[in-house]
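Scroll down for the structure; my scribbles are underneath it.
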Amino acid sequence: MLAALLLANAVLLALFLLGATAGREHGGGHVRLAVYGGCAAVSAVNALIVLAFLLGSGPSAPPELSLPIGLPWLPSRFRLDGLSAFILLIVNVVSGLAALYGVGYGRHEEEPARVLPFFPLFLAGMNLVPVADDAFTFLVAWEAMSVSSWLLVLSSHRRPETRRAAQVYLVMAAFGTMAMILTFGILAGAAGDYAFAAMRARDLSPLAAGVVLGGVLLGAGSKAGIVPLHAWLPLAHPAAPSHVSALMSGVMTKVAIYAMIRILFDLVHHVEWWWGLVVLALGAGTAVLGVLYAVVQRDIKTLLAYSTVENVGVIVCGIGLALAFEANGHGALAGLSLVAALFHAFNHSLYKSLLFLGAGAVLTATGHRDLERLGGLIHRLPTTAVACLIGSAAISALPPLNGFASEWLLFQAVLSGPLLNQWGLKLAVPVAGAMLALATALAAACFVRAFGIAFLGRPRSPEAAAAAEVGLSMRLPMMILGGACIVFGVLPVFVLSLLTPLVAGLLGTSPLASGGAGWLWLTPVADRASSYSGMVMLLAVGAMALLTLQVRRIASGRVRRSAAWDCGFPDPSPDTQYTASSFAQPIRRVFGAAAFRTREVVDMPEPGEIRPAHFSVTSRDLVWEWFYRPVVMAIGFVTGRTNKFQFMTIREYLAVMFAALVMLLIVVVVIR
Amino acid sequence: MTDVLAQMMQIALVLGLAPGLTGLVRLVKARLVGRRGPGLLQPYRDLARLLRKDAVLADNASWLFRSTPYMVFTTLWFAAALVPTFTTGLLLGPAADLIALVAFLGAARFFTALAGLDIGTSFGGIGSSREAMFGTLAEPAVLTVIFTVSLLVHSTSLVDVAEFIAVSRVGIRVSLLMALIALIIVALAENARIPVDNPATHLELTMVHEAMVLEYSGRHLALIEVAAMVKLLLYLSLIICVFLPFGIATREVGAAGFGFGLLVYLAKLIGGGVALAVFETSIAKMRVFRVSEFLGGALMLGLLAMIYLYISRAL
Amino acid sequence: MTSLEYDIAHLFDGTVLLLSFMLLYQRRLFGVINTFAMQALVLAAAAAWQAHIHAAPHLYVTAGIALVFKAIVIPYVLHRVIRTFGIHRTIDTALGVGPSLVAGASLVALSIMLVLPVTFASGALTRESLALALSTVLLGLLMMITRRNAVTQVVGFMSLENGLILAAVGVEGMPLVVEMSVAFSVMVAFIIFGIFFFHIRERFDTLDVQYLETFRGERR
């Protein structure tokens, strides 16, 4: 199985070569079809392989493979266990659909030669990270993923904001990889054996383990988008072509989550209780801040990227809870939290990629990403509208869709908080629960706004009024993803039955989130009677909906069309509608003062004056001001001070080197 | 079998009683301000009148606009059928718990707010945007209340909560007091009652819920109106079920127990309706941006209640 | 002590804290004063209840002082002060109502964290009363910091003192002398504040303490 997966990556590399050589001349036609079709086929095969692996889960020892590629004395080791397989399932399901979408979307690409070669490379990187079994292979795959996605971001390099996004992304990615290298260095220890098996066997001192936690949070956390390391994400994700944005938001963040789980739960054994506190606090803060940013954005794709930050926060909260329970010896509850986190990761990859594909369809049809130029698209893009409505409802955690099922599991884990022993955690868990609830509610408001302004109302620009539905190859992936959001919401036990054994393998205890009461019911905590069944609920609501429809029998069934009522003053101009900014105004006013230091300045002329009225809103990004600006200033200070090293005489240079040598010798003497 | 029967009765009961409850509140309010007021049955007559009228749709109304009344009504009706009123032996009890109930209310709000945006009028937008803002605070507030209660009961199932609090002696808890106040605040806001919104007004700029559904008429408006009535009943039943479940019939009791449970429930409902009317006549509506503080206070109270439980005797 | 007695004592303590929160929520001066009077009333009830269940008659004196002075006399005087001075009746906040509520909730969490580990050995009631009392004290301080009006500063100070009394009442064996001296010091403070009011008002025509800062040159 593992060999087949690696072979698939070889095919992806061949597609990269095809795209690189032939993309420039024939980027429009057959090459596009071949590259995207090939990627879709490879992803489909991969998905089937890992699904078979997960369903079988027969062999107790995960398959391993060692290939003599890379450096001569360092063979590349690969390993496929349940966690890798599950992440690969997420990766390949979404990439297959995104590749299919690319067939249609690529037709509207400005410079296909800048996308075609790197798309398969990006997929190969994301496919290799989860199966890597030593630090070297892992980092190579990780970098392949980062660099290829960076190149994809740069595909529309003529826009200045894209160039800035790519620059920030490159810096953050390099920084993240550096943190990962450091982490693996500490995990490998003085012996320097970079195989994961050797790391698993080592026992770390508490201090070293703490440094590993910090390194993971910096390295994988910056890739996943944990606040305050998220700064690159809302710049880079929207700048890429939409199907790549879907992959970056839907899948690449999950690969980063994979790295966190792999290191924190598999390679490290030592879990301190304060780890849970730190991770939980970061997760809860990320969730609330991410969605607060999202709710005020005007650009759909930026909005979706910020919402990714929010969902990563929710997943990280699950990981934090799992760490807290693990440190207190509640293995089953740790399992429940981890299952909730992974299930949420799965669900988020489905609906977020659906929404990005929808945004791509809107962009293709209208040429606009700005909400203020859209409107009324439900009439022009009916299929896209339905798919996006399902995605919006799922991301807002409305039952019976999949987003609700995973949030429900997470809330059940939160409710077990009193079992924790430490006071800090006891207080942090309910606060985190309330913050998650706040984030969920804000997400609902955010997507009412996004869907309502873009698809409902009247068109706000001529392009939106004249939009036409996108082609079948773009609609089909959206419909499949929308269907998946419904199916896994109604029957979540299918996914959970895949997750239960793999989490049991990671933690050593079986989580309670099993379908103990049958495939219809979620009963996460056996001794409590909390239960949920999307299917039964859907059937009951469906039956009652049929009853409701009987109203038409007794009521007057006639419908007349006329102008909108609008309290008697219907205005034909679409400018009189609520805009995206005005919709967000109450929320901005309630939360903005604290979160963004928002200031509204209203300049209303006195009656009789003839100057125009002015309204302006200023908001500040506190993360930039409090986190990045001090860093930049510190770097500037240090570089300013060290600048004089550039203008020294040879004698002075020699003196510096000599001083360094003597210092090192003294250090050696002192340490001995 | 009794479960099925009880569930059927419950479904019919909430629908049948909801307009009556609204009528009661209106009647008591009218009497309190010295008017005679319409009779208890006026809401039923209003609904019948609306059903007889033709529906008028704006030219650019989409399918979402037309289907929202059906979706919202069904969702709220189902949610109301989940809350134990006179008995805890309900068939659908295990299918959805308190968290799912809140999510259902959220779904109803989601679609109502979308419908408010569909026609593209400024009134619909103002209603939707304010409703979305209220929702962002009301939903976490009610979730914290639920967390508090279920930390005490060790279950999020409504049936368990009602049975636990009705049967066992929880005693008087400060945390429950805080949670009750928070839930009442949310209930007032969610049902567009007076300090937050005015259910009787049609003065455009002061209304929230009415502005969202301004464009509806005929059977669609009837469904929206009855959905609002069901929601009021739902919240009142929820408060009764979680904080005052005494006298509710458990699974084992026979028909006589059901009858008794029904009588007790009706008495509590009437008490709640009168209390609401008294409260509404004795208070003035607040500014829209005061509402965020009102609901934020509820959220903080719910959070405090949850934190507070940790220092109570035992969980 | 039976469970019911415990519950009722607990309920009174919790209500005092709840009313501290409501003080933070108010935006009108009369609302603040009425809420404060309510708090004093509940405090008196709490003290009386403790006197009853512990059979400690000196606590009735405490209850009486709280009832007469804080629930009746001081609110009455404050009402008159506002009327006679014609003070503007909305409160100017240095920190908005929402953020102050969040700050208040975190202060309560802080005091719970602080009190519980320290008093782990003592009885549950003492423990919780102490946590509640400390929260009330901190909320009173918060109110003094975040509200600009001099009247609200006085009320914040006295609500802080309510928290002290709550602690004194809840912990068994607090001598009457301590309570008397606390009550006395509050009276003195109230008189000083009264004079203070009068003088600010005379000089600046308002009770907004911001003007004092401007006058001292701390603020432009």
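The values are calculated or read from the model by the stated rules, or taken from the named source; none is laboratory data. Computed from a prediction, not measured in an experiment: that's the story for all the values here. With ideal geometry, Cβ positions are generated from the backbone for all residues, glycine too; neighbour counts draw on all protein chains shown.
Residue by residue, here is whether (1) of a type in the set (Lys, Arg); (2) over 30 Å from C:Pro99 (Cα atoms); (3) loosely packed, with under 13 Cβ neighbours inside 10 Å holds:
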residue	(1), (2), (3)
A:Arg553	yes, yes, yes
A:Gly557	no, yes, yes
A:Trp624	no, no, yes
A:Val631	no, no, yes
A:Gly640	no, yes, yes
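Each residue in region C:132-159 was checked for being among the small types (Gly, Ala, Ser) and within 22 Å of C:Val81 (Cβ to Cβ), and 4 pass.
Pairs linking a residue in region B:280-295 that is within 8 Å of another protein chain (Cβ to nearest Cβ) to a residue that is among the aromatic types (Phe, Trp, Tyr), with Cβ atoms under 7 Å and 6 or more positions apart or on different chains, are B:Glu293/C:Tyr25.
Within the set B:Ile185, B:Ile194, the sole residue that is away from every other protein chain (no Cβ under 12 Å) and either among the aliphatic types (A, V, I, L, M) or more than 22 Å from B:Ala275 (Cβ to Cβ) (or both) turns out to be B:Ile194. Taken over region C:154-181, the criterion of being modelled with pLDDT under 80, part of a helix (DSSP H, G or I) and farther than 22 Å from C:Gly14 by Cα is satisfied by C:Leu176, C:Val177, C:Val178, C:Met180, C:Ser181.
Looking only at residues in region C:91-101 that are surrounded by fewer than 17 Cβ atoms within 10 Å (Cβ to Cβ) and within 10 Å of chain B (Cβ to nearest Cβ), the one that is modelled with the lowest pLDDT is C:Gly96.
All but one of (1) at positive phi; (2) in a helix (DSSP H, G or I) hold for A:Gly215; which doesn't? Of everything listed in (1) at positive phi; (2) in a helix (DSSP H, G or I), A:Gly215 misses just condition (1). Residue pairs whose Cβ atoms lie under 6 Å apart, sitting 6 or more positions apart in sequence or on different chains, and linking a residue in region B:50-69 that is facing another protein chain (nearest Cβ under 7 Å) to a partner that is among the β-branched types (Val, Ile, Thr) and assigned to a loop (DSSP other than H, G, I, E, B), are B:Ala58/B:Ile119. Annotation: of all residues in region A:571-589 being within 7 Å of chain B (Cβ to nearest Cβ) and touching a residue at least 40 places away in the same chain (Cβ under 8 Å), the one that is farthest from B:Asp118 (Cα to Cα) is A:Ile587. Tell me whether region A:149-156 contains one or more residues that are aromatic (Phe, Trp, Tyr), farther than 18 Å from A:Ala236 by Cβ and either at pLDDT 90 or above or in contact with a Lys or Arg (Cβ under 8 Å, 6 or more places away or on another chain) (or both). No, every residue in region A:149-156 fails to be aromatic (Phe, Trp, Tyr), farther than 18 Å from A:Ala236 by Cβ and either at pLDDT 90 or above or in contact with a Lys or Arg (Cβ under 8 Å, 6 or more places away or on another chain) (or both).
The set of residues in region A:424-434 that are of a type in the set (A, V, I, L, M, F, W, C) and at the interface with chain B (Cβ under 8 Å from one of its Cβ atoms) comprises A:Leu427, A:Val431, A:Ala434. With respect to (1) surrounded by fewer than 21 Cβ atoms within 10 Å (Cβ to Cβ); (2) closer than 18 Å to A:Trp275 by Cα; (3) under 26 Å from the mean Cα position of the chain (by Cα); (4) touching a residue at least 40 places away in the same chain (Cβ under 8 Å), the lone exception for A:Thr162 is condition (2). Annotation note: of C:Leu23, C:Leu18, C:Leu59, C:Leu29, the sole residue that is free of Cβ contacts under 8 Å to residues at least 24 places away in the same chain and not basic (Lys, Arg) is C:Leu18. Out of all the residues in region A:220-248, which are touching a Leu at 6+ places or on another chain (Cβ under 8 Å), more than 25 Å from A:Met474 (Cβ to Cβ) and in a helix (DSSP H, G or I)? Passing the criteria: A:Gly221, A:Ser222. A:Leu438 meets each of the listed conditions (1) touching a Gly at 6+ places or on another chain (Cβ under 7 Å); (2) facing chain B (nearest Cβ under 9 Å); (3) in contact (Cβ under 8 Å) with a residue 60 or more places away in the chain apart from (1).
Candidates are the residues of region C:12-43 that are within 19 Å of C:Ala168 (Cβ to Cβ) and aliphatic (A, V, I, L, M); the one that is farthest from the other protein chains (Cβ to nearest Cβ) is C:Ala40. Only one residue in B:Arg130, B:Arg109 is part of a helix (DSSP H, G or I), basic (Lys, Arg), in contact (Cβ under 8 Å) with a residue 24 or more places away in the chain and within 7 Å of chain A (Cβ to nearest Cβ), so which one is that? Residue meeting the stated conditions: B:Arg130. What about C:Ile8, is it touching a residue at least 24 places away in the same chain (Cβ under 8 Å), outside any helix (DSSP H, G or I), surrounded by fewer than 22 Cβ atoms within 10 Å (Cβ to Cβ) and over 17 Å from the mean Cα position of the chain (by Cα)? When the stated conditions are applied, C:Ile8 does not pass them.
Taking region B:1-59 as the range and being among the small types (Gly, Ala, Ser), surrounded by 16 or more Cβ atoms within 10 Å (Cβ to Cβ) and in a helix (DSSP H, G or I) as the test, the residues that pass are B:Ala6, B:Ala18, B:Gly20, B:Gly23. Among the conditions (1) in a helix (DSSP H, G or I); (2) modelled with pLDDT of 85 or more; (3) hydrophobic (A, V, I, L, M, F, W, C), the only one that A:Val601 does not satisfy is (1). In region B:133-150, of all residues being facing chain A (nearest Cβ under 7 Å) and not β-branched (Val, Ile, Thr), the one that is farthest from B:Leu304 (Cα to Cα) corresponds to B:Met133. Determine if region B:261-271 includes at least one residue that is over 27 Å from B:Ala18 (Cα atoms) and part of a helix (DSSP H, G or I). The answer is no, given that none of the residues of region B:261-271 is over 27 Å from B:Ala18 (Cα atoms) and part of a helix (DSSP H, G or I).
When region B:151-182 is filtered for residues that are within 18 Å of the chain's Cα centre (by Cα), within 14 Å of chain C (Cβ to nearest Cβ) and buried (at least 24 other Cβ atoms within 10 Å of the Cβ), the ones remaining, listed by number, are B:Ala179, B:Ala182.
Within region B:81-103, identify whether any single residue is in a helix (DSSP H, G or I) and more than 10 Å from every other protein chain (Cβ to nearest Cβ), and answer yes or no. The answer is no; no qualifying residue exists.
The set of residues from region A:108-145 being within 19 Å of A:Gly19 (Cα to Cα), in contact (Cβ under 8 Å) with a residue 40 or more places away in the chain and small (Gly, Ala, Ser) comprises A:Ala113, A:Ala124.
Considering region A:559-570, the residues that are modelled with pLDDT under 85 and within 8 Å of another protein chain (Cβ to nearest Cβ) include one that is surrounded by the fewest Cβ atoms within 10 Å (Cβ to Cβ), namely A:Cys567.
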